[in-house]
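None of the figures in this text is laboratory data; all of them are computed from the coordinates on show. Computed from a predicted structure; not experimentally measured. Quick reminder, even Gly has a Cβ in these numbers, built from the backbone with ideal geometry, and neighbours come from all protein chains shown.
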Amino acid sequence: MNARMLMALPFAILVLSSCQQRAVRSTGSAAAPPPAVAYEAHVAAGGRVPPGGTLHNPHQGDKAVAANGALLFTAMNCDGCHGPDATGSVGPNLGVGRWRYGGADAEVFMSIFYGRPKGMPAFGGVLGEEGVWTLVTYIRSLPKADNLATESWEKP
C-alpha cells in the first residue's frame with residue numbers, strides 16, 4: 001500500500017462505520033393499528049364474521065381540517081393519481097361518491113391507511129391516524145360531481 005492509501009484508510013473506516021444501521025429498541029409507546037372495519041360487505045367464510053371495530057372521524061365536517069387535508073393531499077402527491085382537486089386521473093375521482101371498498105368514513109380511512117390492491121399504496125405508516133383522518137375529512141368536503149361519465153351498475 002502506498003502512503004496515500006494509508007492516509008485515506010481511517011477516513012474510509014469512519015465513513016463506513018457511520019453507515020451501519022443500529023438496532024432501535026422499541027419503547028412500546030407506538031400506537032396499535034386501528035381495528036378492522038365491520039361492515040356488511042365483508043365476506044365471511046363459514047358464516048362467521050370476523051370481529052371489527054368502529055372507527056369515527058374525529059374531524060367530521062371541520063372546514064379547517066379539510067383545508068389542511070387539501071394541502072396534505074397535494075404534499076403527499078395524491079393528486080398524481082387522483083388528479084387535481086381529486087377529480088380523477090389514473091386513480092378514481094373521489095368526489096363522485098362511488099366507492100369500490102365502501103364509502104363510509106371508516107372504510108375510506110382503511111383504504112388510505114392500509115392501501116388496496118392494484119394501485120392504492122398504504123399511507124398509514126407515513127401519515128399515522130391523524131394524517132389519514134385529515135385526508136378523509138378533505139375527501140368528504142369535496143363537492144359532488146354534477147356530470148358523471150358513467151352510470152352506477154347498482155340500482156338506486
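Before moving on, here are some points about what is shown:
- Taking other C-beta atoms within 10 Å as the exposure proxy, Trp133, Trp99 rank Trp99, Trp133 from fewest upward.
- Neighbour net charge for Cys78 - beta-carbon separation under 15 angstrom, K R +1, D E -1: 0
- For Gly69, net neighbour charge (Lys/Arg +1, Asp/Glu -1) across residues whose Cβ lies under 15 Å away: -4
- Ordering Ser141, Ser111 from the fewest to the most neighbouring beta carbons within 10 Å gives Ser141, Ser111.
- Sequence of Tyr114, Tyr138 once ranked by neighbouring C-beta atoms within 10 Å, starting from the fewest: Tyr114, Tyr138
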